[in-house]
1. How many of the residues making up segment 30-40 are farther than 15 Å from Asp71 by Cα and surrounded by 13 or more Cβ atoms within 10 Å (Cβ to Cβ)?
2. Sort out which residues of segment 1-13 are of a type in the set (Ser, Thr, Tyr) and either at positive phi or surrounded by 10 or more Cβ atoms within 10 Å (Cβ to Cβ) (or both), and write them in order of number.
3. Give the residues of segment 14-29 that are exposed (fewer than 11 other Cβ atoms within 10 Å of the Cβ) and within 15 Å of Asp69 (Cα to Cα), sorted by residue number.
4. Among the residues of segment 1-44 satisfying the criterion of being among the acidic types (Asp, Glu) and either free of Cβ contacts under 8 Å to residues at least 12 places away in the same chain or out of contact with any helix residue (DSSP H, G or I) (no Cβ under 8 Å at 6 or more places or on another chain) (or both), which is farthest from Gly61 (Cα to Cα)?
5. Cβ-Cβ under 6 Å, sequence separation 6+ or interchain: first residue in segment 58-72 and surrounded by fewer than 10 Cβ atoms within 10 Å (Cβ to Cβ), partner assigned to a helix (DSSP H, G or I) and basic (Lys, Arg). Which pairs?
6. Counting only residues that are surrounded by 12 or more Cβ atoms within 10 Å (Cβ to Cβ) and of a type outside the set (Lys, Arg), which one in segment 41-56 is farthest from Ile24 (Cα to Cα)?
Amino acid sequence: MTAATGASLVAYFVKNQKEISLKIGRFRERIAEERKKFEDIQSGYRANRYDARERNLMVDGQLKRFLADLDEA
């Protein structure tokens with residue numbers, strides 16, 4: 001069963017290699033953008049501009065937007 005799954009994944013990758021490569025590039029760009037936003041939130045927390053509750057709400061919202069964007073892509 002594991003071998004069949006592996007073969008299926010390889011076949012899918014070979015068949016859709018160009019599309020997968022394009023998506024990986026876009027995903028990496030989105031991750032870099034979100035990492036910068038997250039670091040801004042963290043630096044605000046460390047500088048006492050936000051308390052833990054506010055930081056957690058912002059990070060939760062950021063995560064939800066990020067996942068929604070990935071689902072749309």
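None of the figures in this text is laboratory data; all of them are computed from the coordinates on show. The structure displayed is predicted, hence computed values, not measured ones. FYI the Cβ positions are ideal-geometry reconstructions off the backbone, even for glycines, and counts take in every protein chain you see.
1. Total satisfying the criteria: 3.
2. Scanning segment 1-13 gives Ser8, Tyr12.
3. Within segment 14-29, Ile24, Gly25, Arg28, Glu29 qualify.
4. Glu19
5. Close Cβ pairs (under 6 Å, with a partner that is assigned to a helix (DSSP H, G or I) and basic (Lys, Arg)) do not exist here.
6. Per the stated criteria, the residue is Tyr50.
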